[in-house]
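The values are calculated or read from the model by the stated rules, or taken from the named source; none is laboratory data. No experiment lies behind these values; they were computed from the predicted model shown. Cβ sites come from the backbone with ideal geometry, for glycine too, and all protein chains shown count toward neighbours.
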There are 2 protein chains.
Amino acid sequence: MKLSPTMQKYIVHWGEMGTRWGVNRTVAQIHALLFLVNHPMTADDIMETLNVARSNVSNSLKELQSWGLVKVQHELGDRRDHFVALQDVWEIFRVITEERKKRELDPTLTVLRECAIEAETDFEIEAATRKKMDEVLEFLEVLMYGYDDFKKLPPSTVIKLLKMGSKLGQLASLFGKDDT
Amino acid sequence: MKLSPTMQKYIVHWGEMGTRWGVNRTVAQIHALLFLVNHPMTADDIMETLNVARSNVSNSLKELQSWGLVKVQHELGDRRDHFVALQDVWEIFRVITEERKKRELDPTLTVLRECAIEAETDFEIEAATRKKMDEVLEFLEVLMYGYDDFKKLPPSTVIKLLKMGSKLGQLASLFGKDDT
DNA sequence: CCTTTGTTTCTGTCTTTACAGAAATTAAAT
DNA sequence: ATTTAATTTCTGTAAAGACAGAAACAAAGG
């Protein structure tokens, strides 16, 4: 499949963006391609379109499937796998956030909790340091539990909340005890 | 300076985390060190403590300063630079978010806007694809403007909002027109 | 059961990034 | 101005990651 210059630019940039956030370039590019395109593609289609090795496509697709961003489809009278990407932007965002949380933030939280506990009995550590460790932990926990709450809301509600923006802040500071 | 095992674990993990998010390991480690420690450190102190080359420390510190996460201090009768890290967790978070937004999200937004405009006149691109490009753009814009609003609020208010969590959602769906 | 088609795993190469050590630069103190 | 201390920039090496091509594997059809 031949890409229009605009789509090419889009996909290349998306790949670039990926690398800056620790995502493999090819993975990001394939994701962008499958997102933009309006029909399922085979691994060979992708390979031709992006000019990457077959094996690279295969591994990247596996990665994307493990993230839940891409699914396999079959077409009548064709035994090849056809791949389609999740098409809803908010859903994509939700999936990526959720997955990174699970893969990176959760393990981090575990380690930080261990450290906080060890620090309690480690008299080499100054009280001020211990306090800071606790603060980081508290920060991440508030953030994650907050996130867990918000992710349940429908996108339209989240959009409303985002657009209310700082008005919400005024509201919050009216009542609501600060139980930090 | 000798590190207690707990601090070592903390710092190593922080470095590990950094790499997963596109931050240089040493940069992340030095940041963690300076954050945890309760006094300014010289480049040589850091070098000894973390066992990395002097040049590496120098470059990493420059990087951290460019992010606004570390500042130089001078002590009476000592011409060496002493480095201190920002100590407030919420402020650190704000600075990092802001900086990454500036360095990565803003340029992305520019490219995506260019693409969206080019796509309008590019008849190789299907209508559905164009629509998806617009949706991504819209999504990022809502997110960024929302963020711009919330970052002005004091942390205590944000904490309150986060803790209200999904209750806010119920509120938002009561009134508030959905002007998407 | 053998052939064809499709997919994955393996192996080696290339590219990028991280880093150490040396050289060069800057700046303070005498 | 010269010496000394401090810091940065430069250069080469090492490690990690990305990727292509080949080989191996799996499965469907005849």
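I need a count of the residues in the range B:72-102 that are within 16 Å of DNA strand C (Cβ to nearest atom), within 11 Å of another protein chain (Cβ to nearest Cβ) and exposed (fewer than 15 other Cβ atoms within 10 Å of the Cβ).
So the count comes out to 0.
Tell me yes or no: at least one residue of the range A:80-94 is within 12 Å of DNA strand D (Cβ to nearest atom) and either touching a residue at least 40 places away in the same chain (Cβ under 8 Å) or under 30 Å from A:Met1 (Cα atoms) (or both).
yes
I need the full set of residues from the range A:41-58 which are in contact (Cβ under 8 Å) with a residue 12 or more places away in the chain and either away from every other protein chain (no Cβ under 14 Å) or within 13 Å of DNA strand C (Cβ to nearest atom) (or both), in order please.
A:Met41, A:Thr42, A:Ala43, A:Asp44, A:Asp45, A:Ile46, A:Glu48, A:Leu50, A:Val52, A:Asn56, A:Val57, A:Ser58
Does any residue of the range A:5-12 turn out to be within 16 Å of DNA strand C (Cβ to nearest atom) and closer than 24 Å to B:Thr108 by Cβ?
Scanning the range A:5-12 turns up at least one residue that is within 16 Å of DNA strand C (Cβ to nearest atom) and closer than 24 Å to B:Thr108 by Cβ.
Table: residues versus (1) farther than 17 Å from B:Lys101 by Cβ; (2) at the interface with another protein chain (Cβ under 7 Å from one of its Cβ atoms); (3) outside any loop (DSSP other than H, G, I, E, B).
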site	(1), (2), (3)
B:Lys131	yes, no, yes
B:Asp134	yes, no, yes
B:Leu140	no, no, yes
B:Lys152	no, yes, no
B:Ser156	yes, yes, yes
B:Gly169	yes, yes, yes
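Within the range A:33-40, identify whether any single residue is within 13 Å of DNA strand C (Cβ to nearest atom), free of Cβ contacts under 8 Å to residues at least 12 places away in the same chain and assigned by TED's automatic domain parsing to the domain that holds A:Glu16, and answer yes or no.
Taking every residue of the range A:33-40 in turn, none turns out to be within 13 Å of DNA strand C (Cβ to nearest atom), free of Cβ contacts under 8 Å to residues at least 12 places away in the same chain and assigned by TED's automatic domain parsing to the domain that holds A:Glu16.
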